[in-house]
1. How do TYR344, TYR221, TYR374 rank when sorted from fewest to most other Cβ atoms within 10 Å of their own Cβ?
2. I need the peptides 311-321, 266-276 ranked by packing, meaning the mean over residues of other C-beta atoms within 10 angstrom, with the highest value on top.
3. Based on C-alpha coordinates, I'd like the Rg and Dmax of the range 210-419, in Å.
4. Can you tell which of VAL400, VAL287, VAL318 lies farthest toward the positive end of the dipole of the range 210-419, using +1 and -1 charges on the Cβ of basic and acidic side chains (Lys, Arg; Asp, Glu)?
5. Going 7 Å from the Cα of ALA421 toward and past its Cβ, which residues in the range 304-332 have a backbone nitrogen under 19 Å from where you end up?
6. In nm, what is the difference between 0.36 nm times the number of residues separating LEU139 and GLU266 and their Cα-Cα distance?
7. So what are the range 238-277's ellipsoid semi-axes, whole angstrom, largest first, if each one is the square root of 5 times an eigenvalue of the alpha-carbon gyration tensor?
8. By the scheme Lys and Arg +1, Asp and Glu -1, what is the net charge of all other residues having a beta-carbon under 13 Å from that of LEU358?
Amino acid sequence: MSDTDEVLAYLHAAKARVDGGDTGPTRGPDAVRYARARLEEALPHAHAGAHLPDDARLKPVKQAVLGAVRPVTSHQEPFNRAVLQAVDGVAEALDGVLHRADLHEQQAARLQAGVATAELAVDDLADDVRSLRHEVSDLATAVAALHASVEAARSEAAVVRAQQDVVLRTARQALDDQGISVAQLTELSRELGAGQERLYEDLEDRFRGTADEVRAKVAPYLADIEATTVDGPVLDVGCGRGEWLGMLAEAQVEAYGIDTNEVVVERCRAQGLDVRAGDALAHLREVEPGTVRAVTSFHVVEHLSLDTLVGLLDAALVALAPGGALILETPNPTNLNVGAASFYLDPTHLKPLHPQFLEFLVAQRGFATVEGRYLNPEGGAELEVDDLAPLAGRDRARQVVDRINWALGGPMDFGIVARKAASA
């Protein structure tokens, strides 16, 4: 192949590259290296058009033609070399530009990494700020609670101071009068008993259960009240903290309570409940006969003597309208944990009432129907027949297991739902 053919081949290759036929690299350092390689291939042929190869056909004729145009082509080879060197310079300059571009790209990558690190640091700082805000909020809540506790303590101290003043004033008047009147003795007794009332309220709060727990236990009795269609209010004897009265109010049932404890009376009134201070038996005897829809009493009868209990049942029977209901609930002493232990957590409990005796007594005092209910099982692990089967027959083992489970984990409370006979 002649030099001219070589140059033509390079021209065709360039055209093919422009047309997209060349597969060489077109961008970046690879393109520069590709251009340098092609220049190195073209450089030996820079004299193209100025010399003839030795084996050229009609060489003398061609040589004569070249000689004739020598003035024109004499500068072809230097021109070709200059062009190639210029292109090589451009490639070298482009290589430098690409190198600097790589450096800038690396710097940009490092800058991006720095920005990402800074963003992470900002996020961490924001998390710390949020955490600090939560801690400050919790601290503010704790401080507010402490302030409330201090205010409550101040209020209680003021009450105690007022009671002390009453006691001291009453005692001083008695000394001045050389004696104490019945009215002064009554006032003194009431003030001295207020401390025990608060003690009993704290005791109930600790061992009776939370308000929600008590509400859950008495909720089933709402159905018994709804089944009592006679007119009149529900009277709750010994209403305590007022959980039952609150449920009746929510059910839009007319009701009121009575309690001897001034502390619970004030607490219930603060909830908007109708609660009256006084003796329940005396109050029932003053109620117009046949005007009460239901008489309820939860965990009160175990505080009463037998005479007072009988009097309460008789007074309730008179006060109830025909078809009215009596609802009582008391600890179940047939559960040994109750009868031998938890019953005595309350020092004001007088004695346990056996379910069978209470059911008998209510029926004996004249109520037409009496239903006993064992309530609120203690739960926990139970003994299984297989635990005793190796010692005796399975039937006998089942009886023993049932008795043990009842005694140790059976119902903790016993309820009575009785009804006064309806009118003829």
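1. Neighbour counts put them in this order, fewest first: TYR344, TYR374, TYR221.
2. Details: 311-321: 21.5, 266-276: 15.9.
Peptide ranking by packing, descending: 311-321, 266-276.
3. 18.9, 64
4. Final value for the positive-end residue is VAL400.
5. 313-326
6. Details: separation 127, 0.36 × 127 = 45.72 nm, distance 3.25 nm.
Result: 42.5 nm gained on full extension.
7. Numbers: eigenvalues 53, 16, 11 Å².
Equivalent ellipsoid of the range 238-277: 16, 9, 8 Å, largest first.
8. Numbers: positive: LYS351, ARG365, ARG373; negative: GLU302, GLU329, GLU359, GLU371, ASP413.
Residues close to LEU358 contribute a combined charge of -2.
No lab work stands behind these numbers, since they all come straight from the coordinates. In this text, all values refer to a predicted model and were calculated from it rather than measured experimentally. Here Cβ is always computed from backbone atoms with ideal geometry, including for glycine, and neighbour counts include all displayed protein chains.
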